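**Student:** I have a structure I would like to understand better, so I am pasting it below and will then ask my questions one at a time.
Each value in this text was obtained by applying a stated rule to the coordinates, not by laboratory testing. Being a predicted model, the structure only gives us computed values, none of them experimental. FYI the Cβ positions are ideal-geometry reconstructions off the backbone, even for glycines, and counts take in every protein chain you see.
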Ligand code: UDH
Ligand code: MN
């Protein structure tokens, strides 16, 4: 009894020291936890608080989904500005004969399988670049070297498709572009298609590779013609049509084997649909054309005039809806998707 009484007296006298000592002991105990454990304890206590805050089921669902979204989905990107701050204007292009495809791959580490998205903002359009192609490897190296940075400065979501005609029968640019459209849409629902010769390199960043509410002609002048303006009826070289515009005209005719008039035919199709053609400013729509002679297998098409006159009668049944081909391979290379295709013969 006497011992108990004196212990109580001691406790009463030291009452102001016991509380701080106890708190210190608890803190020391927490500090011995591994970091993750502490964090998970903190997170779970925070979650519990959110869950008990509201009393309805809605509140509970909202708070739990919110937590999951934060973990799995990065925050939504804001739209890229209307005019990209990265545009540099007119450029003097250079073409170094020692440049290799591997060099261009090294220059473009952010491009994956020919595709790119701006890292910091949501692109205003998703654009597929379609290139009709056969045996122009040197031109393709220069094209990729210039076009990838050009398109990135425009803050586009884009991919480059090379539609490679297999075999040696007569070349058919228009049919290859139809194939490109159909194949690219299997990958993604592209907003806009740029139909692009491999030997034309844009000289000015302000020549925007986006689609408008009407089909657009992008190549108005080139160095090889001393930048003399193309005639208003010209629709060749580089053009931009939305997915819907190209579908509405039933694409190109598949019947233009060899060189000439397939682009004029597309122009007639556009006009038949009462669409107009829009163009960038003349001082902007300038191109450097890489030198070449006429390719073997792409001789002038002697039937082109006759075919062109038939457009109003044939456009409905000759085009995207009648484009038959056999895809031989699809190679997803670092800088472009290579679609090798057998498109038959004339
Ligand atoms: N193309 C190929 N391989 C070919 C033929 C054409 O890849 O064998 C593609 C290529 O994308 C090219 C486009 O189709 O840019 C248009 O063909 P082209 O460059 O032959 O047409 P262009 O009107 O020239 O530029 C026609 C012959 C010009 C002879 C020049 C003589 N000074
Ligand atoms: Mn050419």
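**Student:** Would you mind classifying segment 136-189 by shape? Square roots of the alpha carbon gyration tensor eigenvalues, ordered a ≥ b ≥ c; an a/c under 1.5 is rounded, otherwise it is prolate if a/b is larger than b/c and oblate if not.
**Tutor:** oblate
**Student:** Right, next: Projected area of segment 101-342, taken from the Cα convex hull and averaged over every viewing direction, in nm²?
**Tutor:** 12.4 nm²
**Student:** Among 259, 315, 190, what is the fewest-to-most ranking by other Cβ atoms within 10 Å?
**Tutor:** By the 10 Å Cβ count, ascending, the order reads 259, 315, 190.
**Student:** I would also like to ask the following. Can you tell me, using C-alpha contacts under 8 Å and at least 6 residues apart, the relative contact order of segment 101-342 as a whole percent?
**Tutor:** Taking the mean separation of contacting Cα pairs over the length of segment 101-342, I get 27 percent.
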